[in-house]
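Reading through the C-alpha cells given below for one structure.
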Amino acid sequence: MSTEKTFYQPLGGNEMPRFGGPATFMRLPAKTLADPLDVGIIGVPMDIGASNRPGARFGPREIRDESRMLRPFNVSTGADPFNSLAIADIGDVAINTFNLLKSVQIIEDHYDQVVAAGVTPVSIGGDHTIVLPILRALKKKYGPVGLVHIDAHADVNDHMFGEKIAHGTPFRRAVEEGLLDGNRVVQIGLRGTGYSPDEYQWSKDQGFRVVQAEECWYKSLAPLMAEVREKVGGGPVYLSFDIDGLDPAFAPGTGTAEVGGLTVHQGLEIVRGCKGLDIIGCDLVEVSPPYDVSKNTSVVGANLLYEMLCVLPGVKYSTI
C-alpha cells in the first residue's frame, strides 16, 4: 500500500467528452480506503427512512452524473481543492434495502472505517436519516460537534409513525446521544406548516440558533454567516445540507418540498460562509431524481458538494 498522497484531478472535458468517462463525482479517480486520502466522496443510496416521495436512493448516482460539467478551480472564490487535498470518490455504502435499522448500523460501521483512516467524509444521500450514523461515527473521534444544518424542516421529531429513527428525527436523536454541542448548532431555512405554534421550540431549548426562511428573504446571507461562524466556531463542525432547504423553484426533485425557501445564491453564500470553520464532514441529502425531470436539482446538488470541497480545512486559495 502506498503511503504517499496524490493530488487527484477530475477528468477534463478536453481529455474526454463530458458525457463519457468514469461515473464518479466530477469524474475523479475511484479509490478505496487503502489509498492515502484526505477526503472521500461517499454515496449513501438509501431512502427507506423517507416519509413522503421516495427516490433519494438514486441521488448519489444522478448527482455524480450531473457533476461532469464541474471544473477543478473555483474561479469565484479562488479555492483550489484538488491541488490542496488528496480527494477521490470511494464509492457507495452497501446498505440493506429492506431494513432501516440494519442500514443505519451498516452506515455507522462504514464511517467508522472512514474516520479511522483519517479521511474526511463528503457524503451524497440518500435521505436525511443517514446523518445520524455518520455523526455517531464522528463522535468516536471528535466528541460532540457543532452543526450547520440547512433544511426546510428541523428534523427533531420525537418519532414518526412510532419509529424513533427516520429522516425527520436524526437531530433529536443526535442531541439525546451526545453527538452535538447544542450551543454550536445553527438551523437555516426552516419554514412551512406545522402542528403547533412551538414548532421550533425544542431546537431553541437545546441552544440551537433557528433561522426561519422568512429571515432570509430578499437579502444576502453573508452577514448571517458571520454570526454562524461566531456561534459554531472553536471546535469541529459538521455541515448538513438538505436540498429542500432551497425553494422548489430551484430544487423540485426532493421528497418533502416546501415553498418560500432559500435561493441557489443563498445556498452558495451559506456554504462559502463556512470557510474557516473546522469542518470534519459534510453531506448533501434528499435529492430525488424521479421528481427531477429537468435534472436541475441534481445539478444544484453537485455544485453545492463542490463548494463544500472548497471550504474544507487545508484548501489553498489563489488571488482572483
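For this structure, a couple of remarks:
- Residues located in segment 23-50, provided they are out of contact with any helix residue (DSSP H, G or I) (no Cβ under 9 Å at 6 or more places or on another chain) and open to solvent by 20 Å² or more (accessible area, probe 1.4 Å): Pro29, Ala30, Lys31, Thr32, Ala34, Asp35, Pro36, Asp38
- Leading residue by the ranking (surrounded by the fewest Cβ atoms within 10 Å (Cβ to Cβ)) among those in segment 52-71 that are in a loop (DSSP other than H, G, I, E, B) and within 19 Å of the chain's Cα centre (by Cα): Pro54
- Scanning segment 272-320 for residues that are more than 26 Å from Gly235 (Cα to Cα), open to solvent by 70 Å² or more (accessible area, probe 1.4 Å) and under 14 Å from the mean Cα position of the chain (by Cα) gives no hits.
- Residue satisfying all of: in segment 236-260; crowded, with 22+ Cβ neighbours inside 10 Å and among the small types (Gly, Ala, Ser); nearest to the chain's Cα centre (by Cα) among these: Ser240
- Residue check, Glu215 open to solvent by 20 Å² or more (accessible area, probe 1.4 Å) and under 14 Å from Asp158 (Cα atoms): no
- Residue satisfying condition, being modelled with pLDDT of 95 or more, open to solvent by 10 Å² or more (accessible area, probe 1.4 Å) and touching a Leu at 6+ places or on another chain (Cβ under 9 Å), within set Glu269, Glu227: Glu269
- Residue pairs whose Cβ atoms lie under 6 Å apart, separated by 6 or more positions or on different chains, with the first residue in segment 225-237 and within 18 Å of Val131 (Cβ to Cβ) and the second open to solvent by 20 Å² or more (accessible area, probe 1.4 Å), are Val232/Arg184; Pro236/Tyr142; Pro236/Asp278; Val237/Asp278.
- In this entry, Glu199 passes the filter for residues that are open to solvent by 50 Å² or more (accessible area, probe 1.4 Å) and modelled with pLDDT under 95.
- Every pair of residues 6+ apart whose Cβ atoms lie under 6 Å, when the first sits in segment 46-66 and is on the phi > 0 side of the Ramachandran plot while the second is surrounded by 24 or more Cβ atoms within 10 Å (Cβ to Cβ): Gly55/Ser288
- Of everything listed in (1) open to solvent by less than 10 Å² (accessible area, probe 1.4 Å); (2) in a helix (DSSP H, G or I), the single unmet condition for His110 is (1).
The values are calculated or read from the model by the stated rules, or taken from the named source; none is laboratory data. All figures in this text were calculated on a predicted structure; none of them were measured in a lab. Virtual Cβ from ideal backbone geometry, glycine too; neighbours counted across all protein chains shown. Ligands, DNA and RNA are stripped out before the accessible areas are found, and what is left, the full protein with its side chains, is counted by its heavy atoms. Shrake-Rupley method; radii C 1.70, N 1.55, O 1.52, S 1.80 Å.
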